[in-house]
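Below you'll find the structure, written out as structure tokens, and then a few comments.
Taken together, the values in this text are just the output of simple stated rules run on the coordinates, not laboratory data. Please read all numbers here as calculations on a predicted model, not as lab measurements. Neighbour counts run over all protein chains shown; Cβ positions are idealised from the backbone, glycine included.
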Amino acid sequence: MITADTLALGQILCLLGVLGMVFGVFFVWFPKRTQAVLLAFPRSRWPGWVLMAINVFWAAWVLHHASLGRFSGVKPLIPYLAILVFGAVVWLLDELLSPRALGGLLLLVANPILMAVRWADSAWRFVPAVVAYIWVVAGCAFMLHPWLFRRMVEALVVSPRRFRAAGWGKLIAGLVLLAAGLSHLR
């Protein structure tokens, strides 16, 4: 019998597996284009704005559904404040670096993953938990030191062989996670 926790674990494993496979395919079959995108990402404005929009509105959604106690009177203003905050970020932060916005997204994504797998009765629950904590550490690092993203990419693209090896690693890990997820969904 599949419980809700096992179902959530299976879905998260499948999602992580598909993400790993997609990135692995791009690394292996489109290495030049992927390297160019990764190298351009730190100074790209549009990806930073898109990621920041996701971050701001996700945080607003979390605040809107949180128990704010004596500040609950502010809840009707949260959507308007989110729009105002996003507009201020775009207008005032000319040098919003995309890795900072990516770091914020990594921090936000970790919470639902950890909440979904915390009561699952499987040893596989540790895989998404470890991935989520890695994302939290990476998110903090990217928000505080956005140049770390550039350094990581430069270390990865130093040789085509290393880049393809990373791609094959992502592809194989994605296949393993997808298989584990599908086994939990049966």
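A few points about this structure:
- Each residue of the stretch 160-169 is assigned a 3J(HN,Hα), and the resulting list reads x, 5, 5, 5, 5, 4, 4, x, 5, x Hz, derived from the Karplus form 6.51 cos²θ - 1.76 cosθ + 1.60 (θ = phi - 60°), x at Gly and Pro.
- Under the convention that each Lys and Arg Cβ holds +1 and each Asp and Glu Cβ holds -1, the size of the dipole of the chain around its Cα centre is about 440 debye.
- Between the stretch 160-176 and the stretch 14-34, the C-alpha centres lie 8 angstrom from each other.
- 20 Å cut-off, amide nitrogen to a point 7 angstrom out along MET115 Cα→Cβ, residues in the stretch 122-143: 125-137, 139-140
- Residue-averaged [θ]222 nm for the chain, counting only DSSP H segments that reach four residues, each worth -39500 (n - 2.57): -27000 deg cm²/dmol
- Taking θ as phi - 60° and the Karplus parameters 6.51, -1.76 and 1.60, the scalar couplings of the stretch 43-60 work out to 10, 7, 7, 4, x, x, 5, 5, 5, 5, 4, 4, 4, 5, 6, 5, 4, 5 Hz in sequence order, x denoting glycine and proline.
- Base-10 log of normalised Debye intensity for the chain (one unit scatterer per alpha-carbon) at q = 0.09, 0.13, 0.15, 0.17 Å⁻¹: -0.41, -0.83, -1.04, -1.20
- Per-residue Karplus couplings for the stretch 82-89, computed as 6.51 cos²θ - 1.76 cosθ + 1.60 with θ equal to phi - 60°, are listed in order as 5, 5, 4, 5, 4, x, 5, 5 Hz, Gly and Pro entered as x.
- Extension gain for the segment LEU81 to VAL22, taken as residue separation times 0.36 nm less the Cα-Cα distance, is 17.7 nm to one decimal.
- Relative contact order computed over the chain (Cα-Cα under 8 Å; 6+ residues apart), in percent: 48 percent
- Using C-alpha pairs below 8 Å separated by at least 6 residues, the relative contact order for the stretch 94-186 is 31 percent.
- Estimated FRET transfer efficiency (HIS145, SER44; beta-carbon r; R0 22 Å; 0.05): 0.75
- Cα gyration tensor shape of the stretch 49-151, rounded if a/c is under 1.5, else prolate or oblate by comparing a/b with b/c: oblate
- Model label points for VAL176 and VAL62, set 7 angstrom from Cα along the Cα-to-Cβ axis, are 3.0 nm apart.
- Here the stretch 119-186 is assigned +1 on the Cβ of each Lys and Arg and -1 on the Cβ of each Asp and Glu. Its dipole about the Cα centre then comes out at about 280 debye.
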